[in-house]
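Novice: The following block contains the structure, expressed as structure tokens.
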Amino acid sequence: MRNALTRTAIGLAAAAALAGGAAMPAAAAPADPETGLSFYVYKEWKFVANFPQPDTGCHLFPKGADLLVGWSGLENVRAYSTPDCTGQYSSLGTLRSVVPSYVSFSTE
């Protein structure tokens, strides 16, 4: 019972702070999924991850993602079957479904 009351009190305090115009910290604000490079679960159009300013470095594919969308200024996404972006790659463009065999990616 005490835990339920504590959760209720915390929830009410958070709601009161938001209603009073308290700002959320910048770190807590979610990324805008319509900038940079975003990953989704295609059939559900569920947002998975966003890279707001993708660089040419090597990144792991977000788990569960099977669709990528390059929203701003990207020319191509390279997909690799290795975790360190080595070996043969496939050019995916900027709007593409992703096969599970891809492990990492880089952008151009």
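Novice: Work out, step by step, the length gained on full extension between TYR42 and VAL99: first 0.36 nm times the residue separation, then minus their alpha carbon distance; give nm to one decimal.
Specialist: That works out to 19.4 nm of additional length.
Novice: What ranking of TRP45, TRP71 comes out by heavy-atom accessible area, probe 1.4 Å, highest first?
Specialist: Putting TRP45, TRP71 in descending order of accessible area: TRP45, TRP71.
Novice: So how exposed is PHE47, as accessible area in Å² (1.4 Å probe, rounded to 10)?
Specialist: About 80 Å², ignoring ligands and nucleic acids.
Novice: Ok, one more. Sorted by accessible area (1.4 Å probe), largest first, how do CYS58, CYS85 line up?
Specialist: The residues order as CYS58, CYS85, largest area first.
Novice: Treat each spin label as a single point 7 Å out from the Cα along the C-beta direction, and report the SER91 to TRP71 distance in nm.
Specialist: Modelled inter-label distance: 2.5 nm.
Novice: Within the range 29-87, report the trypsin sites (Lys or Arg not before Pro) that DSSP leaves as loop and that have at most 15 other Cβ atoms within 10 Å.
Specialist: LYS63
Novice: Tell me, what ³J(HN,Hα) does each residue in the range 35-43 have, in order and in whole Hz, if you take phi through Karplus 6.51 cos²θ - 1.76 cosθ + 1.60 with θ = phi - 60° and put x for Gly and Pro?
Specialist: Couplings: 9, x, 10, 10, 10, 9, 8, 4, 5 Hz.
The values are calculated or read from the model by the stated rules, or taken from the named source; none is laboratory data. Remember, it's a predicted structure, so these values are computed and weren't measured experimentally. Because the Cβ atoms are built from the backbone with ideal geometry, glycine has one as well, and the counts that use them run over all protein chains shown. For the accessible areas, the whole protein counts, side chains as well, though only heavy atoms, and no ligand, DNA or RNA atoms are used. Shrake-Rupley method; radii C 1.70, N 1.55, O 1.52, S 1.80 Å.
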